[in-house]
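The values are calculated or read from the model by the stated rules, or taken from the named source; none is laboratory data. Because the structure is predicted, anything quoted here is derived from the model rather than measured. Neighbour counts are summed over all protein chains in view; Cβ atoms, including those assigned to glycine, are modelled from backbone coordinates with ideal geometry.
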Amino acid sequence: MKKSHSRCNTARKVLIFWCLFIGIGALGGSSCMLLKPDGSLMGMQGLLPYFQVLPFAEVLYQNYIFPGIALLCVNGIPNLIAAVLLLRKKKSGIIMGGVLGLTLMAWITIQFVIFPSNFMSNTYFIFGVLQALTGLAALIFYQQEHFAFHMEDYPNVGRNSDTLVVYFSRMGYTRKLAYAAAEKTGADICEIQSTERTEGTPGFWWCGRYGMHGWDMPIGEIGADLGAYHRVILCSPIWVFGLAGPMRSFCRAASGKIKHVDYILVHHMGTSFSKVADEMDCLLGVHRETFFSIRCHVGKYKTIYKSEEI
């Protein structure tokens, strides 16, 4: 099976670039300050008077020795350590790299206070923003790609031929809830497979297109006889405030075939999405018996609404 593209790995590589770029630059700048404390190596002799507004200026800012040490300790060495951790694919490197982007922004903010507006400070503040955002993206992708799911945790699935759980899941969050529901009831389980690409970043945007327009997304053949089950539990993610395209296609195809139905809707917001449940009722031609709305933030679930226990 072909391994899917890792968005976390891509973001990690970009974060490595920022950590090395900022770290090596800080190392070079601090070295120049320590070799020539008057700032002549960097043409900064005329900037020392601006430092006099800072606390303890008469002790710390009569030359560039303390600023050089501070630059090395705050932006130099930590960024190089973060780069090593990222090269070793450690989660701590992702967190550290993102935090150091915020640190650079704070460092440059101090420069905004003491120096006149200048191109260098403005540029490095933007670099800090980009580093922090890259770290945040890498952390989110890491959490998504390391979302724990183990089939052996659901030994009871398939022991109750009276109930079926049907789900569609792009990232795995809805799948875990579907298996939890099947484990609780002993239900059979059936996954909806889309014939369109749904994996990775391209899949995210492609699914977003379907969600934005409220389109049905083509799906493969459903291997279960829906009419043979007394009860069907449908588990679906929310796309752009609406029903996921593959589940909409399933509901349309399953119209009139399901006797009793329950819904589990998975999303990232704090609303019940009851209108989506109403749409599913309309498509299926049967009114739901129970309805759960569950918010999921990078693998952490919170029930927003429930009509009754499944």
Open item on the list: Go through (1) more than 18 Å from the chain's Cα centre (by Cα); (2) at pLDDT 95 or above for I108 and report which single condition fails.
Closed with: (2)
Open item on the list: So in the range 128-145, with the set limited to residues that are of a type outside the set (S, T, N, Q) and in contact with a Cys (Cβ under 8 Å, 6 or more places away or on another chain), which one is modelled with the highest pLDDT?
Closed with: A138
TODO: Just need a number here: residues in the range 163-189 that are in contact with a helix residue (DSSP H, G or I) (Cβ under 9 Å, 6 or more places away or on another chain) and either crowded, with 22+ Cβ neighbours inside 10 Å or under 19 Å from G227 (Cβ atoms) (or both).
DONE: 12
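Matching residues to (1) without any contact (Cβ under 8 Å) to a residue 40 or more places away in the chain; (2) assigned by TED's automatic domain parsing to the domain that holds E196; (3) surrounded by 14 or more Cβ atoms within 10 Å (Cβ to Cβ); (4) over 20 Å from G223 (Cβ atoms):
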position: G242; (1), (2), (3), (4): yes, yes, yes, yes
position: P246; (1), (2), (3), (4): no, yes, yes, no
position: K257; (1), (2), (3), (4): yes, yes, yes, no
position: V261; (1), (2), (3), (4): yes, yes, yes, no
position: G270; (1), (2), (3), (4): yes, yes, no, yes
position: A277; (1), (2), (3), (4): yes, yes, yes, yes
position: D281; (1), (2), (3), (4): yes, yes, yes, yes
position: G299; (1), (2), (3), (4): no, yes, yes, yes
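Going residue by residue through the range 163-175, is there one that turns out to be assigned to a strand (DSSP E or B) and aromatic (F, W, Y)?
Yes: one or more hits.
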Open item on the list: Any residue that is among the polar types (S, T, N, Q), more than 23 Å from D281 (Cα to Cα) and in contact (Cβ under 8 Å) with a residue 24 or more places away in the chain - is there at least one of those in the range 190-200?
Closed with: yes
- [ ] Evaluate the range 219-235: report whether one residue or more is of a type in the set (G, A, S), at pLDDT below 95 and in contact with a Phe, Trp or Tyr (Cβ under 7 Å, 6 or more places away or on another chain).
- [x] no
TODO: Specify which of the listed residues (Q111, Q45, Q52) is farther than 15 Å from Q131 by Cβ and out of contact with any Asp or Glu (no Cβ under 9 Å at 6 or more places or on another chain).
DONE: Q111
